[in-house]
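Novice: The structure is given below, and queries will be raised subsequently.
The values are calculated or read from the model by the stated rules, or taken from the named source; none is laboratory data. It should be emphasised that the depicted structure is a prediction, and the values quoted were computed from it without experimental measurement. Counting neighbours? That spans all protein chains shown, and the Cβs are built from the backbone with ideal geometry, glycine included.
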Ligand SMILES: [Zn+2]
């Protein structure tokens, strides 16, 4: 769906010196953590800069964030030797009594539910590695559920890495509701360096290791500092009703350079360049600088989605996330993005960086609350090649992550420039392509793949007839959406200037249709909660095929058929099947409605499927 209007990519429009200068200015605000002067000053710096540009509304959203502050922690090996490690308390940890908790250590590798199989860890002290799966809060949640008395997290990086990383274990993603309070894992938790953890593992190889852990934090409400800008396209050029949301987290630990002053700096330069209007801005842009990202587990972006929900639901075409840009030693591009965006992203990537990023499903992690509504998520960044990642203990965001060591020497200017260019082009195209470039054929093929995965992994799926019905309907939908793609192709060669009034109104209708597909399909197939609520932070189940169905099947498998629990879970499973089938019926209705407008409304090209010809 290449459009010649944006085929000629605007290179070198960004001023890279500006980006570097923003990184330097922003990283002076170290430890810019919710509720501190540092983030307040950084947010005023951003507001001040944006206010000097023309045609952008700028303000700071102030709202309550429930955050947590570190007070003290201690990790002391008592036997077979005596040794005290450097440590940092995980925020929202349960405070230990003054004497701490003492017990034997059990090492559970990455600390996912699989690693606990066959282990009795009641009252034990867990040692787990900081890999990205499951995320830190889920590790704490699992340890708490297994009735461990504390959890120690080993930092990632090289085995000799002495940095003690920082983090939080709230587990509840975004702002709290009263019901959420009990989902905060109430367990003492501390971080130690990878070097000390490796030492501990060596001791464990020889026998029992007794340890004492102390942790103390203070949880309280603070007021946010969350700058926001809104660029409204001039009426004469505004052909389309949609809006694009872009953002990166302002709240940052330690030195803040690559996490995330670089991301914020790229946003500022893109906004500055857009407002010079060398490129047209045909869609509205909202740009965000999130507070409450690190400790409040994305409390700021969660608040934004809850508070701007109606507008986002009606009009947002995507959320583009800027995080972890320009890390030294990285060259492997990964994109955790919604499948319907993969084709579009791949095209831009080939043109700008000469290769496609590795595509992965978006996780409900970081500031990605938009996916809950059904708004596609785009997050592309460069990390280490797989061989290097292995050596670094899966340090996806660098061994200096969340520490004082996140300094200017960790920036690779070439990779930062490439990422800035890439995102500028994503955005230019998204603001100017007449038809939103989302391809639901890719999404649907992924669903078919997932249904087959479920059938393969679970030999006797209860009520597999229902799963079959869903599969058949999905295949019908696939054929119909392929036909829609055929006539989208008809319009894709036209520049916005070549479109007449009638064509513009058709395109508006098509875009509304494409947004509606996402709003229905994503909450059904890429979520386990309703579209007004949020899954737990980084919920691992969402990486599994058909998460709604999978989340029931894993439990069902543990019970005897016709037991009390089995029967109750079967009811749950049927309701999840109902949700999926109903969603597919609804999207089929949407396509049928769209296609029923032809021939007056859309011309079906000669070479398209004969499915809808009368
Ligand atoms: Zn980050």
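Per-residue answers, yes or no, for (1) closer than 26 Å to residue 266 by Cβ; (2) crowded, with 17+ Cβ neighbours inside 10 Å; (3) at pLDDT 95 or above:
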| residue | (1), (2), (3) |
| --- | --- |
| 3 | yes, yes, no |
| 6 | yes, yes, no |
| 10 | yes, no, no |
| 22 | yes, yes, yes |
| 49 | yes, yes, yes |
| 57 | yes, no, yes |
| 72 | no, no, yes |
| 88 | no, yes, yes |
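Novice: Out of the stretch 385-422, which residues are under 19 Å from the mean Cα position of the chain (by Cα) and within 16 Å of the ligand (Cβ to nearest atom)?
Specialist: The answer is 394, 395, 396, 397, 398, 401, 402, 419.
Novice: Determine whether the stretch 194-213 contains at least one residue that is touching a helix residue (DSSP H, G or I) at 6+ places or on another chain (Cβ under 8 Å) and within 16 Å of the ligand (Cβ to nearest atom).
Specialist: No, there is no match, as no residue in the stretch 194-213 is touching a helix residue (DSSP H, G or I) at 6+ places or on another chain (Cβ under 8 Å) and within 16 Å of the ligand (Cβ to nearest atom).
Novice: Just one of 219, 259 is more than 16 Å from the ligand (Cβ to nearest atom) and either buried (at least 22 other Cβ atoms within 10 Å of the Cβ) or more than 21 Å from residue 84 (Cβ to Cβ) (or both); which is it? Steps first, answer last, please.
Specialist: Working: 259 fails: more than 16 Å from the ligand (Cβ to nearest atom).
Being more than 16 Å from the ligand (Cβ to nearest atom) and either buried (at least 22 other Cβ atoms within 10 Å of the Cβ) or more than 21 Å from residue 84 (Cβ to Cβ) (or both) holds for just one of 219, 259, which is 219.
Novice: Limited to the stretch 336-374, what total is found for residues that are within 16 Å of the ligand (Cβ to nearest atom) and within 23 Å of residue 445 (Cβ to Cβ)?
Specialist: 5
One line per residue, one yes/no per condition, for (1) buried (at least 22 other Cβ atoms within 10 Å of the Cβ); (2) farther than 30 Å from residue 530 by Cβ:
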residue: 362; (1), (2): yes, no
residue: 378; (1), (2): yes, no
residue: 391; (1), (2): no, yes
residue: 402; (1), (2): yes, yes
residue: 416; (1), (2): yes, yes
residue: 428; (1), (2): yes, yes
residue: 431; (1), (2): yes, yes
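Novice: Hey, among the residues in the stretch 193-212 that are in a loop (DSSP other than H, G, I, E, B) and in contact with a strand residue (DSSP E or B) (Cβ under 9 Å, 6 or more places away or on another chain), which one's surrounded by the fewest Cβ atoms within 10 Å (Cβ to Cβ)?
Specialist: 208
Novice: Would you confirm, using the coordinates I've provided, whether residue 95 is over 30 Å from residue 276 (Cα atoms), buried (at least 18 other Cβ atoms within 10 Å of the Cβ) and touching a residue at least 12 places away in the same chain (Cβ under 8 Å)? Before you say what the answer is, go through the steps one by one.
Specialist: Details: over 30 Å from residue 276 (Cα atoms): yes; buried (at least 18 other Cβ atoms within 10 Å of the Cβ): no; touching a residue at least 12 places away in the same chain (Cβ under 8 Å): yes.
Considered against the rule, which asks whether it is over 30 Å from residue 276 (Cα atoms), buried (at least 18 other Cβ atoms within 10 Å of the Cβ) and touching a residue at least 12 places away in the same chain (Cβ under 8 Å), residue 95 comes out as no.
Novice: Can you tell me which residue among 24, 30 is in contact with a helix residue (DSSP H, G or I) (Cβ under 9 Å, 6 or more places away or on another chain), under 30 Å from residue 163 (Cα atoms) and part of a loop (DSSP other than H, G, I, E, B)?
Specialist: Just one listed residue meets the conditions, 30.
Novice: Across the stretch 559-594, what is the total count of residues that are part of a loop (DSSP other than H, G, I, E, B) and out of contact with any helix residue (DSSP H, G or I) (no Cβ under 8 Å at 6 or more places or on another chain)?
Specialist: Within the stretch 559-594, residues that are part of a loop (DSSP other than H, G, I, E, B) and out of contact with any helix residue (DSSP H, G or I) (no Cβ under 8 Å at 6 or more places or on another chain) number 3.
Novice: Considering the stretch 50-66 alone, what residues qualify as being touching a residue at least 24 places away in the same chain (Cβ under 8 Å) and outside any strand (DSSP E or B)?
Specialist: Within the stretch 50-66, 50, 53, 54, 55, 56, 62, 63 meet the criteria.
Residue by residue, here is whether (1) within 16 Å of the ligand (Cβ to nearest atom); (2) more than 28 Å from residue 413 (Cα to Cα); (3) surrounded by fewer than 18 Cβ atoms within 10 Å (Cβ to Cβ) holds:
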residue: 233; (1), (2), (3): no, yes, no
residue: 247; (1), (2), (3): yes, no, no
residue: 265; (1), (2), (3): yes, no, no
residue: 271; (1), (2), (3): no, no, no
residue: 278; (1), (2), (3): no, no, yes
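Novice: Further, regarding this structure: If a residue has to be outside any loop (DSSP other than H, G, I, E, B), within 15 Å of the ligand (Cβ to nearest atom) and surrounded by fewer than 24 Cβ atoms within 10 Å (Cβ to Cβ) to count, how many in the stretch 296-335 make the cut?
Specialist: 1
Novice: Related question: Do any helices (runs of 4 or more DSSP H) entirely within the stretch 369-435 hold 2 or more residues that are under 30 Å from residue 109 (Cβ atoms), and if so, which?
Specialist: Those helices (runs of 4 or more DSSP H) span 386-391.
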